[in-house]
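Just below is one structure, and these are the notes that go with it.
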Amino acid sequence: MNKNSFPSLQLQKEYRSPQHDVANEFFAPVLACSKIYKRSVGFFSSTSLEIITKGISSLVKNGGKIQIVASPKLSEEDIEAIKTGYDKKSEIIERRLLGELETKEDNYFANQRLNLLANLIAKDILSIKIAFKDNGSLVGIYHEKLGVFEDFEGNKIAFDGSMNESKTAMCYNYESINVYCGWLSEDKSRVELKIKAFDNIWNNTEENLKVVEFPSLTKRILDKYKTKDFNTEEIAEKLESLDKTEDRRKVEYKIDRSNMIGDVKLPIASPKLNIPIIPYDVDLYNYQKDAIDEWSDNNYSGIFDMATGTGKTLTGLGAITRCSKEHENNLAVIVVAPYQHLVEQWVEDIERFNIKPIIAYSTSSQKNWKDRLKRAIRDKKLRLKDKEFFLLVTTNATFKSNFVQEQINNIDGDILLVIDEAHNAGSGEFKKYLYSKFKYRLALSATLDRHNDEEGTDFLHNYFGKVCIHYDLERAIDENKLTPYKYFPVLVYLTEEELSEYKQISAEIINHLKKNKSGKMELDTYGQKLAIKRSRIIAGAQNKLDEFREQILPYKTKTNILVYCGSTTVISDAVKEDYDKSEIGERQIIAITKIMGQEMNMQVSRFTSEEDIETRKVITERFKSEKLQAIIAIKCLDEGVNIPSIKTAFILASTTNPKEYIQRRGRVLRRWPGKEYAEIFDFVTLPRVLDTVLNYTKEEVKGDLSLVKNELRRIKEFSSIAMNKMDSLSLIDEIQSIYQITDKDLYGDNNSQEEDFNNGNR
């Protein structure tokens, strides 16, 4: 066996950045034996050009070649511009590519490597092509990551995984690659598939993928980085010398990018380094940076009031990065989210920020999270220099558990507490866990104010401090961060039986109002149950099914549809255990599923609290790929689930709670390629057919008012910033005229508490 062939190397089946120095343990020795290296990566940047020069001196000596396929990092603005005309596509992509070269770091070794790289291109040793997903007037990112090596004996190695060809990926991020050896029978077929895949891409024969050369890009690299001309032998010698003389343990790379919050210095030495850093593929908007500045100036306390889909999580992680840097990374960070699936979404982004979190909840994939938490607290107490950065991410329930609370009490030093969907923390039960031990605080929410809970709202504002940013839907749409939408209110009327039962329950509710300690009126426990029972009448109005059939019919061949079903009432802790939240919702969701799936032969799937995290991931991916036409959901989409491809929403479970309907609207407005606007069909429930209202006495109609007012408030809110807002004005005017409701009646201070509770929540 040739000692310079691949079979002579001691290779692992998998390399993970926390356990392996991937650059030196895998890339360098394999490249040293290679005659050709073929690589496709997700993003193109000057740092990706720099890093591929590492370890290739032997390849150059041996007369080897390198082929790189990369993708431009297109912004939303780029994609929108491309939509305006196909002829502009190449121009925009080329401009973006050249712009990426402007991020060169001012570092001796980087400058030397980039000069040598320019020489590699000039000597035709390195070839670069650019790939992007091409669907006519649309363009997407080519995000596949694979590589192929071949030695001089014809042995081949293929690999795939999460790792881009960049300094961040190899040195800072939590990344992994899988390795396949062509001389092994179990790997041979997979290696052949990877080779075929790369060759199809390189030769521009892959369907819907455009692969091109940019001569001006090559010229720009040569002009910018080629400071001295070398022959092939000199290139190999210089690379080898540079690798030997560079002391990686002592060198610091100053990462100074416009998207970062201040300067972050990281020693390049350890790929296991665990320090918060904003990744290269995250560009914070000015409003996000301003929010972090405001929060920092307020002694790292405050509220990020940001519309759903405007980047609360990334802004929060930017804030964590800032606070960590200012405290020399000697900080304990605790991130709390309501549900397990939200924790997992946080984990995905946390790891992008170079942090290895402790993931704490009952079914966490980190089976040893309790031991890890204890060890992290112990290391922090001992002030060990090599301890890992401390970040715990957990659910509301686990955060309140005795074990976690005991561990938090043992933490020595400053703590930053980050609460996602922070309106939940204003409940009576949760408030007692928010105490002075948390020196630094951050609340994230699109709707911090708690519906019909002034005391809880005041507590949250007092505890977290000032609102550092208020970024509402209207501003987000105006600034092209969210998608514009059309709003269609769909009128549904109660049957006589439903109206009779509604009134009967309403009369009974009045008898269960009582004054609390502060003198305000509230429902007792039984009154809350009655309100829930009545809300189900509205949520499950039987006429909704027939109306839904009519409204969904034009969309039976469409995709990217969301249907909201079921009871969506906000329930107090006092009655939660006696309330089956799925009872009415299950009945409605089954009926809707039958209408869409059986009657109309649509491809649909339920998305409820009954599906586990993995099942939800599968549903989400099938929906994004349009293998599913529609998702039929109950309440679990209200907070945190990110499915930006939703274009049309049918909201049957309409609510009077602003927190809920604002969340639901926001779910539909996330940006997505090809999504010019969204559509929202809101099923508005009224007590009687409008044309008949004047046939009843004033006393008979009086009981309708609270329900009508609440539906009107939602119609006005939804339509106020809709593209077609004028279409709703006639309906609003008609309802207000028939019921003689003024704007003061809707928004003034003359509505009695009794009337507010008389309506109840849905």
Fill in the blank from the handout: When Ile408 is run through (1) assigned to a helix (DSSP H, G or I); (2) touching a helix residue (DSSP H, G or I) at 6+ places or on another chain (Cβ under 7 Å); (3) buried (at least 16 other Cβ atoms within 10 Å of the Cβ), the failure sits at (2)
Exercise for the section: Determine which single condition Met723 fails, assuming it passes every other condition in (1) under 32 Å from the mean Cα position of the chain (by Cα); (2) part of a helix (DSSP H, G or I). Expected result: (2)
Handout entry: The lone exception for Lys380 - which of (1) at pLDDT 85 or above; (2) assigned to a helix (DSSP H, G or I) it fails
Key = (1)
Problem - Exclusive hit being among the small types (Gly, Ala, Ser), surrounded by 19 or more Cβ atoms within 10 Å (Cβ to Cβ), modelled with pLDDT of 90 or more and out of contact with any Lys or Arg (no Cβ under 7 Å at 6 or more places or on another chain), set Ala653, Ala649, Ala633 - result: Ala649
Practice task
Kindly indicate which of Gly465, Gly540, Gly527 is buried (at least 17 other Cβ atoms within 10 Å of the Cβ), at positive phi and in contact (Cβ under 8 Å) with a residue 40 or more places away in the chain.
Solution key: Gly465
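Residue-by-condition table, conditions (1) closer than 23 Å to Gly413 by Cα; (2) surrounded by fewer than 16 Cβ atoms within 10 Å (Cβ to Cβ); (3) touching a strand residue (DSSP E or B) at 6+ places or on another chain (Cβ under 9 Å); (4) at pLDDT 95 or above:
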site	(1), (2), (3), (4)
Val264	yes, no, yes, no
Tyr287	no, no, yes, no
Phe304	no, no, yes, yes
Lys312	no, no, yes, no
Glu328	yes, yes, no, no
Ala332	yes, no, yes, no
Tyr339	no, no, yes, no
Handout entry: Tabulated pairs, segment 482-493, first of a type in the set (A, V, I, L, M, F, W, C), second assigned to a strand (DSSP E or B) and surrounded by fewer than 17 Cβ atoms within 10 Å (Cβ to Cβ), C-beta under 8 angstrom, 6+ apart or interchain
Key = none
Practice task
Return only the number of the condition from (1) at pLDDT 85 or above; (2) among the charged types (D, E, K, R); (3) over 30 Å from Asn724 (Cβ atoms) that Lys486 does not satisfy.
Solution key: (3)
Practice task
Of all residues in segment 543-590, count the ones that are modelled with pLDDT under 50 and in a loop (DSSP other than H, G, I, E, B).
Solution key: 10
Practice task
Select from segment 411-436 the residues that are out of contact with any His (no Cβ under 9 Å at 6 or more places or on another chain) and at pLDDT 90 or above and write down the one among them that is surrounded by the fewest Cβ atoms within 10 Å (Cβ to Cβ).
Solution key: Tyr433
Practice task
Mind listing whichever residues of segment 383-405 are in a loop (DSSP other than H, G, I, E, B) and at pLDDT 90 or above?
Solution key: Lys400, Ser401
Practice task
Could you grab me the full set of residues in segment 435-486 that are of a type in the set (Lys, Arg) and part of a loop (DSSP other than H, G, I, E, B)?
Solution key: Lys437, Lys439, Arg450, Lys466, Lys481
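The values are calculated or read from the model by the stated rules, or taken from the named source; none is laboratory data. All values reported here derive from a predicted model rather than from experimental measurement. Cβ: placed from backbone, ideal geometry, glycine included. Neighbour counts: every protein chain shown.
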